[in-house]
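One structure below.
The values are calculated or read from the model by the stated rules, or taken from the named source; none is laboratory data. Computed from a predicted model, the values in this text were never measured in an experiment. Neighbour counts run over all protein chains shown; Cβ positions are idealised from the backbone, glycine included.
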Amino acid sequence: MKKEFKSKVKFDHVALHTTKEKMKESVAWYTQFLDGKVLHQDDSWSLIEGSGVKVALIIPEQHPPHVGFEITVEKYRSLKKKGRKFKLHRDGSESIYIVDPNGNNLEMVFWRNSYVQKAKSKIKKILGDYPIPDWSKSRFRQRK
């Protein structure tokens, strides 16, 4: 295993193929099967959470079937410094795919919004009721 991936990761989701035509039916089935709730749903991608797991339903044209693992901000920064190119997704996450020795696709996911919310929560504990600025709309945002 390459040293750059040796770190603690946390299971995030499993992604299974479906078609646009079967998306609604598949979402209904997995929602019932997992006794879960729909976190996101559209014609090409859906995410269901239930029974302690998340299942993403994806179409083959956009993503390979895979297992997703959440990475820490430290690992994210380390991989970026090494030149790894992350793809920004519509849900605010960024990810890269790697392939294990058996040809299975693994997605390394960094949940930017989750990281920002955790940071804001820590700041709020320190500052109390003092207003926290929304840096995401700032003209001083970090450039890519």
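Checked against (1) surrounded by 14 or more Cβ atoms within 10 Å (Cβ to Cβ); (2) modelled with pLDDT of 95 or more; (3) more than 29 Å from LYS81 (Cβ to Cβ); (4) out of contact with any Lys or Arg (no Cβ under 7 Å at 6 or more places or on another chain), GLU49 passes all but condition (4). Close Cβ contacts (under 8 Å, 6 or more residues apart or on different chains) running from residues in region 75-90 that are within 27 Å of SER46 (Cα to Cα) to residues that are of a type outside the set (A, V, I, L, M, F, W, C) and part of a loop (DSSP other than H, G, I, E, B) comprise LYS75/SER7. When restricted to residues that are among the small types (Gly, Ala, Ser) and either under 19 Å from LEU16 (Cβ atoms) or surrounded by 14 or more Cβ atoms within 10 Å (Cβ to Cβ) (or both), region 67-91 contains 2.
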